[in-house]
Amino acid sequence: MKETIDRLRSDGGERIAAADTPAGIEALRVALLGRKGEVTLLLRGLKDVPADERPAMGAALNRLKVELGELLDARQQELAGGASGEAVEMDLTLPGTPPCPVGTNHPLVSVLESICDIFYGMGFSRGEGPEVELDYYNFTALNFPDDHPARDIQDTFYINDKVCLRTQTSPVQVRYMERREPPLACVFPGRVYRNETADASHSAEFYQIEGLVVDTDISMADLKNTVDTFVRNFFGAAEPTRFRPHYFPFTEPSVEVDMQCVVCRGKGCGVCGQTGWLEIMGAGMVHPNVLKGAGYPEDKYTGFAFGMGIDRIAMLKYGIDDIRLLYENDLRFLNQFRGVL
Ligand code: PHE
């Protein structure tokens, strides 16, 4: 029996080392240690061994059983890709797999920031005001008559008689002027709200950026140059702009600013309604009543202001044909802007 044990030890070890699949190891485990396995049969045969040799044989057989079991386990782990006992070459400096995809700015945020950057370049600073605003700042201080249609409950979300969701970023002009003396040049980006039914070009919430410059001797020419500098920097080409007379209660004179259609270059297409022009902002010279309301001495200062829809600018720049896409947070849409902006 002693020889059989020695033989099983050496050739069992070889057979285990030669097994090259997990299934092969399992088959060997059965063949050696299973209920009818070779080692098991030897253990059963112990009763036929002379009584004086039995304890030594029993101990040797048990040792063999443990050794073979350990060899089988080690080989099984090795085949499963575990420790092989050999030195594994690995580069500990390799970057790991990120736990989840890295986020990116929303296209509206990227456009907002790049617009602000252009104005910083022209010496503007940046401010902000509340989205829940007093009717006084949203309308009264901006020279809106009491019966102006924009105050209508149909357009404005009122919280109570005196408080509403701001319908424009213009109230921030007034808050800013109340606390500062000219010269001043500042942009105020932010979210505004209007009670509109959502469709491809309307949303009840959208973004505007307001600009305000006040000093002695500010003129319409300064406004025109500021607008043109913005268009040139943002759209990358010197698209012509034009001022169309308009009316806003808080500017006089007031204009709407158009730029030549970026799609058809002025020839007329679906995007510009065949006019060749795209409206990009409202603007004008700050109304004397607004300057007075801010506490500035009469006739000392002049200024210009403009207000631009950020959503519209983003849509023009990236050919987005439905404003609702900007608020639905559909990743199939948003992922298209990864690394683009
Ligand atoms: N607040 C105006 C609007 O929402 C835009 C504007 C701003 C016009 C500043 C003139 C000056 O339509």
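Every number in this text was worked out from the coordinates using simple rules, so none of it is lab data. Just so it is clear, the model here is predicted, and its values are computed rather than measured. Neighbour counts run over all protein chains shown; Cβ positions are idealised from the backbone, glycine included.
Worth pointing out:
- Amide H contacts under 5 Å for Glu133, placed H, 5+ residues apart: Cys164, Leu165, Arg166
- Comparing Ile118, Ile313, Ile25 in a Gaussian network model of the chain where C-alpha atoms under 10 Å apart are linked, the largest mean-square fluctuation is found at Ile25.
- Considering only Val262, Val174, Val102, the Gaussian network model of the chain with Cα springs below 10 Å gives its largest mean-square fluctuation to Val102.
- Residues considered: Pro171, Pro240, Pro55. Largest GNM mean-square fluctuation over the chain, using C-alpha springs under 10 Å, is found at Pro55.
- Distance between the C-alpha centres of region 137-168 and region 1-63: 94 Å, rounded to the whole angstrom.
- Computed over the alpha carbons of the chain, Rg followed by Dmax gives 39.9, 126 Å.
- Taking the chain and dividing mean pair separation by its residue count, relative contact order in percent (alpha carbons under 8 Å, at least six apart): 14 percent
- The angle between the Cα long axis of helix 107-121 and the longest principal axis of the Cα atoms of the chain comes to about 50 degrees, rounded to the nearest 10.
- Counting only cysteine Cβ atoms and a cutoff under 4.7 Å, the chain contains unmatched residues Cys100, Cys116, Cys164, Cys186.
- Point-to-point label distance, Asp299-Met122, nm (Cα→Cβ direction, 7 Å offset): 3.0 nm
- Net lengthening on full extension, Tyr158/Leu46 (0.36 nm per residue, minus Cα-Cα): 30.7 nm
- Scanning residues 5 or more positions from His246 or on other chains, those with amide H under 5 Å from its amide H are Ser254, Val255, Glu256, with H placed 1.01 Å from N in the peptide plane.
- Principal axis extents of the Cα atoms in region 2-80, from largest to smallest and rounded to whole angstrom, are 44, 19, 15.
- Potential lengthening between Thr4 and Asp217 on full extension [0.36 nm per residue; Cα-Cα distance subtracted]: 65.5 nm
- Hits among lysines - C-alpha to C-alpha of Lys47 under 24 Å, sequence gap 8 or more where chains match: Lys2, Lys36, Lys65
- Using alpha-carbon coordinates, inclination of helix 2-18 to the longest axis of the chain, degrees: 30 degrees
- Taken one residue at a time, the phi angles of region 151-164 give Karplus couplings (6.51, -1.76, 1.60, θ = phi - 60°) of 6, 3, 4, 5, 9, 9, 7, 8, 8, 7, 3, 9, 10, 9 Hz. Gly and Pro are set to x.
- Computed from backbone phi, the HN-Hα couplings of region 205-216 come to 10, 7, 10, 10, 10, 9, x, 9, 10, 9, 6, 7 Hz, rounded to whole numbers (Karplus: 6.51 cos²θ - 1.76 cosθ + 1.60, θ = phi - 60°; Gly and Pro given as x).
- Per-residue ³J(HN,Hα) for region 320-329, Karplus 6.51 cos²θ - 1.76 cosθ + 1.60, θ = phi - 60°, Hz, x for Gly and Pro: 8, 9, 9, 4, 5, 4, 6, 10, 8, 6
- Considering helices alone, the calculated mean residue ellipticity of the chain at 222 nm is -11500 deg cm²/dmol, with DSSP H runs of length four and up weighted by -39500 (n - 2.57) and normalised per residue.
- FRET efficiency, 1/(1 + (r/R0)^6) with R0 22 Å, evaluated for Val109 and Arg332 via beta carbons: 0.75
- Acute angle (nearest 10 degrees) that the helix 220-235 long axis makes with the longest principal axis of the chain, alpha-carbon atoms: 20 degrees
- Mean shadow area of region 73-132 over all directions, Cα convex hull, nm²: 10.2 nm²
- Dimensionless Rg over Rh [region 192-341; C-alpha; Kirkwood]: 1.02
- Here's how it looks for His287: its modeled amide H is under 5 Å from those of Thr251, Glu252, which are all 5 or more places away or on a different chain.
- Bridging of Lys317 to lysines at a Cα separation below 19 Å is possible for Lys267, once same-chain residues fewer than 8 apart are set aside.
- Cα gyration tensor shape for region 43-160, rounded if a/c is under 1.5, else prolate or oblate: prolate
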